[in-house]
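Visitor: My questions all concern the structure below.
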């Protein structure tokens, strides 16, 4: 439960930070600083996500109640699988894009992690585009997840929400 909420807050903040970066003028020192913070926090969130996946593989969640309609159980399962896919694709695509630019990653603007790829704008553009496109899919899935949680909060027929709240 703690990992869920920690990652949820970190991911939402990171997505907001990434979208904010689109407003920061290119080729400015401020953008370089902010982009490196975004990359650095993304790498840390990626590690948390790996920890969460490892935890999930060893600790299966309780089954959804049989009282839930089949379509709801399937939709919940599909949404979770797609959320995990986005949590894997986004940091990998962002990190890979960074490694196909001459800038690489300057971890928290202190430690240079030199790129392991060549400076190739087309490879960078592909992975950066994948990173950005996945962010939009991710936000849609998060919105759906939150709407489902609100539905279960308003109509608590199955007591699903209690499993994720520290009550």
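The values are calculated or read from the model by the stated rules, or taken from the named source; none is laboratory data. Predicted, not measured: the structure shown is a model, and the values here were computed from it. With ideal geometry, Cβ positions are generated from the backbone for all residues, glycine too; neighbour counts draw on all protein chains shown.
Yes/no per residue for (1) within 15 Å of the chain's Cα centre (by Cα); (2) assigned to a helix (DSSP H, G or I); (3) crowded, with 17+ Cβ neighbours inside 10 Å:
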{"residue": "100", "(1), (2), (3)": "no, no, yes"}
{"residue": "119", "(1), (2), (3)": "no, no, no"}
{"residue": "139", "(1), (2), (3)": "yes, yes, no"}
{"residue": "148", "(1), (2), (3)": "no, yes, no"}
{"residue": "166", "(1), (2), (3)": "no, no, no"}
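Visitor: Checking the conditions here, which among 94, 104 is more than 29 Å from residue 63 (Cα to Cα) and touching a strand residue (DSSP E or B) at 6+ places or on another chain (Cβ under 6 Å)?
Guide: On the way: 94 fails: touching a strand residue (DSSP E or B) at 6+ places or on another chain (Cβ under 6 Å).
Going through 94, 104 in turn, just one is more than 29 Å from residue 63 (Cα to Cα) and touching a strand residue (DSSP E or B) at 6+ places or on another chain (Cβ under 6 Å): 104.
Visitor: Under the condition of being in contact with a helix residue (DSSP H, G or I) (Cβ under 7 Å, 6 or more places away or on another chain) and assigned to a loop (DSSP other than H, G, I, E, B), which residue from region 20-43 is surrounded by the most Cβ atoms within 10 Å (Cβ to Cβ)?
Guide: Looking at the filtered set, the residue picked out is 24.
Visitor: If you don't mind, another one. Taking region 121-137 as the region of interest, how many residues are loosely packed, with under 13 Cβ neighbours inside 10 Å and within 10 Å of residue 94 (Cα to Cα)?
Guide: To start, the set of residues in region 121-137 that are loosely packed, with under 13 Cβ neighbours inside 10 Å comprises 121-122, 129, 136.
In the following step, the residues that additionally are within 10 Å of residue 94 (Cα to Cα) were identified as 129.
Result for region 121-137: 1.
Visitor: Given (1) farther than 23 Å from residue 9 by Cα; (2) modelled with pLDDT of 95 or more; (3) surrounded by 13 or more Cβ atoms within 10 Å (Cβ to Cβ), where does residue 115 come up short, assuming only one miss?
Guide: Failing condition for residue 115: (2).
Visitor: Residue pairs, Cβ under 9 Å, 6 or more apart or interchain, first in region 148-167 and in contact (Cβ under 8 Å) with a residue 40 or more places away in the chain and on the phi > 0 side of the Ramachandran plot, second surrounded by 14 or more Cβ atoms within 10 Å (Cβ to Cβ) and in a helix (DSSP H, G or I). List them.
Guide: Qualifying pairs under 9 Å: 159/152.
Visitor: A further question on this structure: Could we say that residue 63 is out of contact with any helix residue (DSSP H, G or I) (no Cβ under 7 Å at 6 or more places or on another chain) and either in a helix (DSSP H, G or I) or free of Cβ contacts under 8 Å to residues at least 24 places away in the same chain (or both) here? Give the derivation first.
Guide: Values: out of contact with any helix residue (DSSP H, G or I) (no Cβ under 7 Å at 6 or more places or on another chain): yes; either in a helix (DSSP H, G or I) or free of Cβ contacts under 8 Å to residues at least 24 places away in the same chain (or both): yes.
The answer is yes for residue 63.
Visitor: I would also like to ask the following. Which of the residues spanning region 9-60 are farther than 20 Å from residue 98 by Cα, within 14 Å of the chain's Cα centre (by Cα) and in contact (Cβ under 8 Å) with a residue 40 or more places away in the chain?
Guide: 12, 51, 52
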